[in-house]
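To start, the structure itself, in C-alpha cells.
Readers should treat all values here as calculations from the given coordinates under stated rules, not as data from a laboratory. Everything numeric in this text was worked out from a predicted model, so none of it was measured. Cβ atoms come from the backbone with ideal geometry, glycine included; neighbour counts cover every protein chain shown.
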Amino acid sequence: MTLDVPVAKDADPDTSGVESPLESEATELIPAAPPRSSPARVRRSMPPNDEAPPRPSSLVDRVGADATAPSPAPRRSAPRPAPVATAARPTASRAPLIIGGALLLVTVAVLFPIPSTQRLDVELVPTRKAEPKTPAGVFGTLKVPSGTRVDQGAVIATLDVSKLKADRDELKATVARLESAAAKTSSKTNPAVLKKARLAVAKANQELAKAKAVAAKRRDDSKAQQDVAKKEAALEQAQRVAESADGNQKAKAMRAEAAQVKQRAAALDKQLERANIVAPATGVFELEAVPPAGAQFDDGTPFGRILDSTLLVKGAPADAVDPVLITPDRRIPLFAVDRKPEGLTVPFEGNVKPGPAKLEIPKGYRPWPMVLLAR
C-alpha cells in the first residue's frame, strides 16, 4: 500500500543548491486545522488491486497486530495561516440612504398634511338677568334646586302659610257669625212697636224745635234754656228706643262690621296667593345657600338670582371659525348662532358650569411633524 502525499518545496533562490533533510524523505503535508465542529479526516488512497488487511478477530490478535505494526512517522503541525483582515465598509455608502429617507419624510409631510388646532384657556362667565323677590312671610320649602333652568313665572320656593291660613279661617268664621246675627235680628223686628217708637222720635223732635224757638226769644231766661236741654235728652231717649225696636238697623250695623272683616280676610287670601317665590324671567336659577326653615322674610327680600341661559366664553378670539369647547366629559361644537354682540357663548346646561375651560380653534392643514411638535 502506498500513500499519495504531495511534497512541498520552496523555490527560494538563496537555498536552491542546498538540499534540506526534509526534502530527502517524503513528508506528509498536514492541512490547517479545520473548525472544531466538523473535523476533517485525512483521506488515504489505496490501489485497487491491493486488498484491505484483515481485521483482527480477537483482542489478542489486535494486541499482536499493534506490536508488529511499524510506528507511524511523526507528524508535524503546520502553522496556521494568519487571519485575513476584512476591508472596512465605507460609511459614505449610507449617506445616500439617509438623505433619501429624509427627503421621503419631507415629501410625505408636505403631500399629506393633517388638521392643525390651537387650544386656548378661556373663562365661562355667567350673565345676571333678574333677581327673584320674596313676599313677607316665613320661609317654607325650596321647590327648584340651584342650577336648574326655569321659565318665567315658575315657582322657585314657597312660604310657610300655616299661620296665615289660621288667621284667614278665623276671619271667615267671624264674617259668618255676624251675617247670621244680622239676619236673625232682622227677623225679630215688630212693625207696630217700631212704628210707635218712630212716632215718639218725631214728637220729641217737634218739642225740641219749639223749646229752641222759645229760648231764642228769651235769651236771658234760664228756664227756657233748661227746657231745651230736657227736650234734647228726651229726643236721644226716643231714638235709642226706636233703634232697639228697629232690628233692621242692628242688622245693618252687623253687616257693616262683617264687610270690614271680609276685607281683612281678602287681604290674607292675597298673601296666600303671593306666598310663593316665582322666577321673574326665563333662565338658570342659582342660590348660594338654602335658608333655614322658619326664616322670616321682609317684603322684597332678594332670593338668589336668574342667570342667562348662555355663558359668555371670555378670552375667545373674535374671528374664531368652528371653535370647539372642551369640557371634562365632552366636546361642544360652537356655531354661528352661538355668537352674540357681547361675544361667543355656550348653552348653560348639562355639565357646562361657569369657570375655566379649553377652547379648540382649527388652524387649517399643516405638515404632521409641525402639528405633533405643536402639541
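So how far apart, in nm, are the two label points at GLU131 and LEU97 if each is 7 Å from Cα heading toward Cβ?
7.8
Just to verify a number: FRET efficiency for GLU257 and ARG219, C-beta to C-beta distance, R0 = 51 Å, to 0.05?
Efficiency, rounded to the nearest 0.05: 0.70.
5 Å is the cut-off here: which amide hydrogens, built 1.01 Å from N in the peptide plane, fall below it relative to THR327, excluding neighbours closer than 5 in sequence?
It is ILE332, by chain and number.
I need the phi-derived Karplus couplings for segment 220-226: 6.51 cos²θ - 1.76 cosθ + 1.60, θ = phi - 60°, integer Hz, Gly and Pro marked x.
In residue order, the calculated couplings are 8, 8, 6, 5, 5, 5, 5 Hz.
Among LYS184/LYS270; LYS195/LYS262; LYS129/LYS314, which pairs are too far apart, with a Cα-Cα distance over 23 Å?
Checking Cα-Cα distances, LYS184/LYS270; LYS195/LYS262 exceed 23 Å.
Quick one: which residues, 5+ away or cross-chain, put their amide H under 5 Å from the amide H of SER116? H built at 1.01 Å from N.
LYS363, GLY364, TYR365, ARG366
In debye, nearest 20: dipole of segment 137-278 around its Cα centre with unit charges on the Cβ of K, R (+) and D, E (-)?
Values: 29 positive and 17 negative charges, 137 e Å.
Around 660 debye, computed over segment 137-278.
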